[in-house]
Amino acid sequence: MSGHIVSPKLYYGIFAALLVLTAATTGAARFDLGPMNVVIALAIAGCKALLVALFFMHVRYSKPLVWVAAASGLLWLAIMLALTLTDYYSREWFPAPRGW
Amino acid sequence: MSDPRVSEARGALAHHFDDLEQQHDAATLGMWVFLVTEIMFFGGLFLGYTVYRWKYPHIFADASRHLDTTIGAVNTAVLLASSLTMALAVHAAQTSRRRALVGLLLATMLLGSVFLGVKAYEYRDKYVHHLVPGVDFVYEPGARPQLQIFFLFYFFMTGMHALHMVIGIGLLGVIAALAWRGRYGADYYNPVEVTGLYWHFVDIVWIFLFPLLYLIGAHL
């Protein structure tokens, strides 16, 4: 069988790290850091998601094809976010012609 | 690795696969392709949230203060614990420990149910405070009309997440019943593993929902 067997000790360690990061994001949100609030929140969430994907979901031990599938999901997501947000960001630069 | 003839005799290897390894890789890849479609599904919701939060940042921050940060954080911990028991369940399957496997699957279902119970309590709290768009939404004096947009995203995103958890708990129930009958072991545990992938993915969605919904008004 090709499945990699991860030591339960590692799972407990990852779980502890996830709890610490949850406490960290909850604590950091109480301070007014301006635009850094959302940056910190998303950075911590990204780290937690990465820990879950790499270890709980075994991506770290998976074959390249699984990496390609996971990365393609993030790629299409990035395209969707980037194209839509550039539209909203630039929409008011040139007022749309009225009357139709 | 066990004797392939024994595994075939147990019916673990489907006839259209060459060997168990190929079958395992196909199952894992298939689940990941499905999860990519799920990333796009939830991605659309996160995108809509981003557009409106960008447009009304202060109203979103104000609205977020209606959510209880402590309950959200504790529920996050409950969900993370359910991911731990799920990961340990896959380990139990890989090491052919049937009783541990069934116990850990039931623990995962229990923790998932606790999460949903807390969510139901929160929904009830929002209903009591007239914060459910389309059902019973009453503005506090001076509140801006866009306040409803935040709660629309709150209910739709957490509702879709909860629906995924209900489906996940159902899947785990089927897997636990089959595990009890001795269907899974070191040579064959694909259903346990791919259900785990799904469960962890739903966990990841919540990892992003928690700070984006509960924490954006905590500094006010």
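The values are calculated or read from the model by the stated rules, or taken from the named source; none is laboratory data. This is a predicted model, so every value here is computed, not measured. When we count neighbours, we look across all protein chains shown, and the Cβ atoms used for this are built from the backbone with ideal geometry, even at glycine.
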**Asked** Of all the residues that make up segment B:181-216, how many are within 25 Å of B:Leu13 (Cβ to Cβ) and either of a type in the set (Val, Ile, Thr) or part of a loop (DSSP other than H, G, I, E, B) (or both)?
**Response** 10
**Fill in**
The condition of being assigned to a loop (DSSP other than H, G, I, E, B), among the small types (Gly, Ala, Ser) and farther than 23 Å from B:Phe46 by Cβ holds, among B:Gly142, B:Gly117, B:Gly173, only for B:Gly142
**Residues of segment B:24-68 satisfying the condition of being buried (at least 17 other Cβ atoms within 10 Å of the Cβ) and basic (Lys, Arg)** = B:Arg53
**Item:** Residues satisfying the stated conditions in segment A:54-77, i.e. more than 7 Å from chain B (Cβ to nearest Cβ), within 28 Å of B:Ala77 (Cα to Cα) and under 14 Å from the mean Cα position of the chain (by Cα)
**Value:** A:Leu54, A:Ala71, A:Leu74
**Request:** Only residues that are polar (S, T, N, Q), more than 29 Å from B:Leu220 (Cβ to Cβ) and either surrounded by 14 or more Cβ atoms within 10 Å (Cβ to Cβ) or more than 9 Å from chain B (Cβ to nearest Cβ) (or both): list them for segment A:1-48, please.
**Result:** A:Ser2
**Prompt:** Only one of (1) surrounded by fewer than 19 Cβ atoms within 10 Å (Cβ to Cβ); (2) of a type outside the set (S, T, N, Q); (3) under 27 Å from B:Asp19 (Cα atoms) is not met by B:Leu163, so which one is it?
**Reply:** (3)
**Single residue of segment B:172-196 satisfying the filter (surrounded by 17 or more Cβ atoms within 10 Å (Cβ to Cβ) and more than 14 Å from every other protein chain (Cβ to nearest Cβ)) that is farthest from B:Ala93 (Cα to Cα)** = B:Leu172
**Message:** Just to be sure before I move on: is B:Ala100 within 20 Å of B:Asp203 (Cβ to Cβ) and modelled with pLDDT of 95 or more in the structure I sent?
**Reply:** no
**Request:** Need at least 2 residues that are within 22 Å of A:Ala71 (Cβ to Cβ) and of a type in the set (Phe, Trp, Tyr) per element, so show me which helices (runs of 4 or more DSSP H) inside segment B:6-106 make the cut, counting only ones lying wholly within it.
**Result:** B:20-55
